[in-house]
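The values are calculated or read from the model by the stated rules, or taken from the named source; none is laboratory data. As the structure is a computational prediction, the values presented were derived from the model and not from experiment. Backbone-built Cβ (ideal geometry, glycine too); neighbour counts: all protein chains shown. These accessible areas exclude ligands, DNA and RNA; they are computed on the full protein's heavy atoms, side chains included. Shrake-Rupley method; radii C 1.70, N 1.55, O 1.52, S 1.80 Å.
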Amino acid sequence: MRLLIAALALAVGVDPTGVWPLLPAPEVVRAFDPPAEPWGPGHRGVDLDGRVGQPVRSALPGRVVFVGRIAGRGVVVVSHGSTRTTYEPITARVEKGDVVSAGTTIGALDLAGSHCLPRACLHWGWIEGDTYLDPLRLVGLRPIRLLPLWQSAIIGLPKPRVTLADVLAGRPAAVGPW
Ligand SMILES: [Zn+2]
């Protein structure tokens, strides 16, 4: 069945199926809000509620292409071919060039640089070229997709705590104080 789904996904160009970077499936405390212009205001990913030191996992299989600090935050970037996922703030447990699977631990969640201070949270991004995408699409929360629940049920993904309607409406009040 998984092979069938994978073939179907390729055929119709749907998003790759990834895993949540945090376990158990985290609460989304701030939604994706892509900037209208490259340097404009916005939120270039989603913030996932977590705790300091919690393992952070690669959402998709790929290769680590960046490990370092940006503006004081520890950042790991994993390439998946045409797209990249980003994870911050974390203390890396991988090195540039490492090959990872979906679910491989790539680091531990930090507090410094959290978008959710005083709480810890993971800022998770997904980028294609220079375009920021909504990483929740990787875990079946898809704004314009067919049968996300059907797919979640079959593959056994954790049930998201944010409803599709919340994501569609960009309704941060529904998922946190922001
Ligand atoms: Zn953020």
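For the reader, a short list of remarks on this structure follows.
- Among the residues making up segment 113-123, those that are surrounded by fewer than 17 Cβ atoms within 10 Å (Cβ to Cβ) and within 14 Å of the ligand (Cβ to nearest atom) are Leu117, Arg119.
- Some residue of segment 37-53 being within 19 Å of Asp15 (Cα to Cα), surrounded by 17 or more Cβ atoms within 10 Å (Cβ to Cβ) and not charged (D, E, K, R): yes
- Top-ranked residue in segment 90-105 [being under 17 Å from Trp20 (Cα atoms) and over 13 Å from the mean Cα position of the chain (by Cα); ranked as surrounded by the most Cβ atoms within 10 Å (Cβ to Cβ)]: Ile90
- All positions within segment 85-106 that are over 17 Å from Ala25 (Cβ atoms) and within 16 Å of the ligand (Cβ to nearest atom): Thr86, Glu88, Pro89, Ile90
- Among the residues of segment 19-75, just one is free of Cβ contacts under 8 Å to residues at least 40 places away in the same chain, among the aromatic types (Phe, Trp, Tyr) and assigned to a loop (DSSP other than H, G, I, E, B), namely Trp39.
- Gly74 being more than 13 Å from the ligand (Cβ to nearest atom), crowded, with 20+ Cβ neighbours inside 10 Å, more than 11 Å from the chain's Cα centre (by Cα) and under 18 Å from Ala120 (Cα atoms): yes
- Unique residue being on the phi < 0 side of the Ramachandran plot, within 14 Å of the chain's Cα centre (by Cα), open to solvent by 30 Å² or more (accessible area, probe 1.4 Å) and modelled with pLDDT under 95 when the list is Asp33, Asp15: Asp33
- Test for Gly45: is it in contact with a His (Cβ under 6 Å, 6 or more places away or on another chain) and either over 13 Å from His123 (Cβ atoms) or of a type outside the set (Val, Ile, Thr) (or both): yes
- Candidate set from segment 20-30 (those that are within 13 Å of the chain's Cα centre (by Cα) and away from the ligand (no atom under 16 Å from the Cβ)); member that is least open to solvent (accessible area, probe 1.4 Å): Ala25
- Among the residues of segment 36-58, the ones that are away from the ligand (no atom under 15 Å from the Cβ) and modelled with pLDDT of 95 or more come to 7 in all.
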